[in-house]
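Structure first, commentary second.
The values are calculated or read from the model by the stated rules, or taken from the named source; none is laboratory data. What you are looking at is a predicted structure, and each value in this text was computed from that prediction instead of being measured. With ideal geometry, Cβ positions are generated from the backbone for all residues, glycine too; neighbour counts draw on all protein chains shown. Side chains included, ligands, DNA and RNA excluded: accessible areas come from the protein's heavy atoms. Shrake-Rupley method; radii C 1.70, N 1.55, O 1.52, S 1.80 Å.
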Amino acid sequence: MTTHTIGGALDVEGASKTLGRQPVLEDISLSVPAGSATAIVGPSGSGKTTLLRIIAEFLSPDTGEIFLDGRPITSTPPHRRRIGLVSQDGALFPHLSVARNIAFGLSASEKDRSGRSERVAELLELLSLPVDYETRRPDELSGGQRQRVALARALARRPDLILLDEPFSALDAALRERTRKAVQKVLRATGSTTLLVTHDQDEALSFADQVAVLTEGRLRQTGEPQSIYSQPTDLEIAQFLGDAVILQAAVTGGAANCILGDVPLLNTIDDGPGTLLLRPEQIAVVPAGQGVLGVVLDSDYFGHDTTATVRIHGTETVVRLRQLNTAPLPPGKTVGLQVRGRGSVYPTQT
């Protein structure tokens, strides 16, 4: 199998867009290093797809510029950009075979029979699809296979940038994960610079080297997945990126004293009242003689883990926790709770 280092750095500088009278994007600046993957995550209507369409030149920004490998591309016709796009449904041509779908975008020099066949076979191998699939039509493939063929077509011309527009959202949960991992492996093997648009927080965090959170047309935070999950810039982003346990605390000397005890902090604010952020997996269940006592109100079993709602003993405070399935957590059970790791703290709004 042959691989190629094909990625080019993407830079979006001050991009804004208004559709009708509604501002959709406001002063977006984003850098995607060459050969890396960035996920843009945000709720429906946040402007994710509009930004992707501007980069692909299906729309023009009202202000700002897009650079690919240091070259401005805003005024470059779409067919001359070295950009591959994979959409939610794959957008394969139903009347063409897999081989002809993959070869559709090849240059004239690569469309001779031997060159086309070699490139198609190379991409089928890269995407772990049998060579005999080249004669099949899209309706003879599973959803995951169609998305792999769509990626092969996007990669056929060795683009500088791959754009993925919610490419796994139409697949069921198990197939979505398998297809995502397969696509991720291929993109890393080819050195592709990748921009993924998704509303799925887990997908963004697991797929990308960098995550950018977009809400209401504004880029709110950009960073590595682990840091953006554990240290969101505010509580709104924290709650969007996953389940959050939010507790009032007194901050003193780099620690937050809350109903679960003293919690060391990832960040600092002035001593005084604060709002503490923990994730449910940070709250560990320990024997009732240890930690802070609580009573299980309800629990949800998911096979690989269990989430539970626990009321702290003698209070009305309720916390949500997540643990691997090492012991059952039936309603009414008394447990001890301890915090693992560090939390993030924010000034309490008055």
Would you kindly identify the helices (runs of 4 or more DSSP H) lying entirely within the stretch 154-235 that contain at least 3 residues that are more than 30 Å from Gln22 (Cβ to Cβ) and not basic (Lys, Arg)?
-> 173-190, 225-230
Only listed residue being open to solvent by 60 Å² or more (accessible area, probe 1.4 Å), of a type in the set (D, E, K, R) and modelled with pLDDT under 95, chosen from Glu224, Glu236 | Glu236
Give me a count of the residues in the stretch 126-167 that are among the charged types (D, E, K, R), modelled with pLDDT of 85 or more and either at positive phi or over 22 Å from the mean Cα position of the chain (by Cα) (or both).
-> 8
Exactly one condition in (1) crowded, with 17+ Cβ neighbours inside 10 Å; (2) closer than 28 Å to Ser44 by Cβ; (3) touching a Phe, Trp or Tyr at 6+ places or on another chain (Cβ under 9 Å) is not met by Gln184; state its number.
-> (1)
Just one listed residue, out of Thr63, Thr18, Thr49, is at pLDDT 90 or above and within 22 Å of the chain's Cα centre (by Cα), and it is Thr49
For Ala256: the one exception among (1) over 20 Å from Lys181 (Cα atoms); (2) within 21 Å of the chain's Cα centre (by Cα) = (2)
Quick one: which of Ser75, Ser109 is open to solvent by 30 Å² or more (accessible area, probe 1.4 Å), at pLDDT below 85 and not in a loop (DSSP other than H, G, I, E, B)?
-> Ser109
Contact list, first residue from the stretch 315-340 and over 26 Å from Ala249 (Cα atoms), second anywhere and acidic (Asp, Glu), beta-carbon distance below 7 Å, six or more apart or interchain, is Leu324/Asp305; Asn325/Asp305; Pro331/Asp298
Condition test on Arg320, is it over 12 Å from Leu260 (Cα atoms), at pLDDT 95 or above, in a strand (DSSP E or B) and open to solvent by 20 Å² or more (accessible area, probe 1.4 Å)?
-> yes
Residues (assigned to a helix (DSSP H, G or I), of a type outside the set (D, E, K, R) and within 12 Å of Leu92 (Cα to Cα)) located in the stretch 129-143 = Pro138, Gly143
